[in-house]
Every structure is written in structure tokens, then in C-alpha cells.
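The values are calculated or read from the model by the stated rules, or taken from the named source; none is laboratory data. Everything quoted here is computed from the prediction, not taken from an experiment. So basically every Cβ, Gly included, is an ideal-geometry build from the backbone, and we count neighbours across all protein chains shown. Keep in mind that these areas ignore ligands, DNA and RNA; they rest on the heavy atoms of the full protein, side chains included. Shrake-Rupley method; radii C 1.70, N 1.55, O 1.52, S 1.80 Å.
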Amino acid sequence: MSTPTTPDPLSRLSFWHLLGLHSFAVLQPILEQLAKNLRYLQQQNFSSASILLCLVLHLTVVPTTCWITISILRRIRFQKTSTALFDFAIFTYCLLMGLIAARWISAAGDLLTFGVPDFLIALAVVPIALAIVWLHRRSPLFRQLTTMTVVGVVIFPASFFLTPAVREVVFDWHQSASNVASSNVAKTPVLVIIFDGLTAGSLLDETDQVDAARFPAFARLASMSTFYRNTTTVHPRTDHAVPAILASVYPEGDLAPVEANYPNNLLRLVCETHQFDMTVFEPVTELAPIALQQFKPYRSLLAETWELFDTTSYVFLQISLPREVSTHFNRLPRAWFGLLPGSPSINRLLK
């Protein structure tokens, strides 16, 4: 009488299991963060080749290395060790997906304010990941479903690069402008000044007029102008309010403040008139045409790829690990947050 054998989860499709789960657990969150922060790609002037190469590394290095190690162990007849390593990889990918979901649940429910730490929610993910590993070993149907995750290798990069804003930033594919700049010579000078963070109410006196004693310059400006004291911006954040002012477009969702999302902004229209010499300095937004933007670093392809790979790796740790742990990996560069690097040349310019 023969004894039943435990099915071997290591089939010829196992590499695609690793690759598919990796695309869901690692690649998709990284692409989502890059899509939300296109300003970083534009400000750092990453080439298309470096972005593509970085994403290929994120997609292939870990699953390929893991599968090569498993194959070597099986070849030298360490079957149990190779199977355990494969199960551990499946567990890790499921755990990462669960941790990202747990972070989202914690943030959406604001559970931290109720005394529920992220680490406690993350612990609930562990038995779920173990159950998935058990199903993967026992159920052929579940392994077939796992094979289908390989579609993420195509779907996630395709949805990322087909976004109009991403296409323009990564491949420099400009959208056709619907507004045509006038070729007439400008005769009326126009000055636009935005006082970021300045509350109009702080300028007023008890009669709702500009306080001439405290703010004489603003009072003189108000005396020769039309003062709309109830006017305010459409968004409390600078990176949404300024593009709305310069492009006359209401900010929808979490649009990055880059020219690709606001193609007909004032800086672009003024530039296309060819009537002015423009010097543009944008520490928060990236609305000017690329030819006018300053502080563009130029590096080799290898240096660009490694910089982007290193940054996105730390971004992934920030969004996947519990907040109690991710603070120890807070090594994101200033450029990721739209801040200028602290180089001596820039510091001298800002003085």
C-alpha cells in the first residue's frame, strides 16, 4: 500500500509565481508612488533609459536571484531546503502585500489616534500569509491562480507609462496645447505676486481695510488697486493652489504640480510668445517648460539608475513597513520631497 506524497510546489511555472507576486508586492507600489511624485523624476532630470532600467531591476533582480538559488539547491539535492526557501519567498510577498494593505487601513481609519499601532495590525497579516503558503502547497487550483499574477508584469508598467503625464515626463511626449499664444507685442505690463501662506485677514484693521500703520506698503497698493478681501485660493496646499492660479484649472485629486498635468499654464504661454527673457526658479512646482528649468543634474546612466533605484527602494520600505519601524529607514533624499539639494552653488545663489 503506497503512502500519499505531499505535492511539490516547485513546478516549471514556479519562477512565474515569484515574478508575478513580486510585481504585485513590490513593483506596483513603487510605480504608484512614482506616479504620485512625477515632480521628482522631472526635477532630477532622469533619462528615459535610467527609469526603464530601474524598473527592470526592481522587477527582475530579487525573483531571479531567488529562483537561481532554489535551482542550485535542487541540483545539489537539497530539495527540502529549496522548497522551504520557495515557501519563504511566497510568504514574504504575501506578507508585503498584507503590510501595505494594513498601512492603508490604519491610515484610512486613523487607527493610530485611537491607540492602535501599525505593528499590531501587521501582526494580524502573518497568519493570513501563512495560510496562503499552505494553500499554495496543497491546492493545484490555487497554484494555477497564482500563475495568473504574472499579468501584473505587463499590466502595471503599461498602466504607468500610458498615463499622459507620465509619458510627457518620462518620454518628453508633449500634449498639444489647446490655447495658441498671441503673436502681438505685449503693451500692458502685468505683475503677478503670490504671497504664499499670507492670510488676508491679518492685513486688515477693525474697519476691514488694510492697516496702514502696520502695513504701509500694502495700504499704498490697495489705494491704487481693486482689493478683493474675500478672495482665496482653491486649495490649502501650495503645490495645488499655485498650479490652479497659473493654469486656471481646478486641481482634481492628487495631481503632481508638473507641466504635464497643467500644459497650458502661464509660464508655458509666456514662453511661447518669445517676447520675454525668462528666469524661472520653482522650489515646489515644475510648471515651466523643461528648457527653462534650473538646477538640472547631469549624471551617467549608471549613476542615474542607481540613484533612482536607491530612492525608490527606501520609498517602498517607508510605505510597506509599520510606521514604528519605517522611521529607522528614513533616508529619502531631499529631492523626493521637492527640496533643492544643499550644494554650495545653490546655497550661494539663495543668499
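Has region 260-281 got any residue that is closer than 16 Å to Ile194 by Cβ, in a loop (DSSP other than H, G, I, E, B), open to solvent by 30 Å² or more (accessible area, probe 1.4 Å) and not hydrophobic (A, V, I, L, M, F, W, C)? Don't jump to the end; show me each part of the working.
If we filter region 260-281 for residues that are closer than 16 Å to Ile194 by Cβ, which is where we start, we get 262, 265-267, 270, 280-281.
Of the ones still in play, those that are also in a loop (DSSP other than H, G, I, E, B) are 262, 265, 280-281.
Okay, now just the ones that are also open to solvent by 30 Å² or more (accessible area, probe 1.4 Å), so 281.
This time we only want the ones that are not hydrophobic (A, V, I, L, M, F, W, C), so: none.
No, the conditions are met nowhere in region 260-281.
Confirm whether Thr285 is of a type in the set (S, T, N, Q) and open to solvent by 70 Å² or more (accessible area, probe 1.4 Å). Please lay out each step first, then the result.
Values: of a type in the set (S, T, N, Q): yes; open to solvent by 70 Å² or more (accessible area, probe 1.4 Å): no.
So Thr285 fails the test.
Of the residues making up region 243-275, those that are modelled with pLDDT under 80 and hydrophobic (A, V, I, L, M, F, W, C) are Leu255, Ala256, Val258, Ala260. A Cβ distance below 9 Å, combined with a sequence gap of six or more or placement on separate chains, defines the contacts here; from region 121-145, residues that are more than 14 Å from Ala101 (Cβ to Cβ) reach residues that are polar (S, T, N, Q) and open to solvent by 40 Å² or more (accessible area, probe 1.4 Å) in the pairs Arg137/Thr6; Arg138/Thr6; Arg143/Ser11.
Just to be sure before I move on: is His240 in contact with a Pro (Cβ under 8 Å, 6 or more places away or on another chain), over 13 Å from Gln42 (Cβ atoms), modelled with pLDDT of 80 or more and part of a helix (DSSP H, G or I) in the structure I sent?
Numbers: in contact with a Pro (Cβ under 8 Å, 6 or more places away or on another chain): yes; over 13 Å from Gln42 (Cβ atoms): yes; modelled with pLDDT of 80 or more: yes; part of a helix (DSSP H, G or I): yes.
Yes, satisfied.
The set of residues from region 218-229 being open to solvent by 60 Å² or more (accessible area, probe 1.4 Å) and either free of Cβ contacts under 8 Å to residues at least 12 places away in the same chain or at positive phi (or both) comprises Arg220, Leu221, Ser223, Met224, Thr226, Tyr228.
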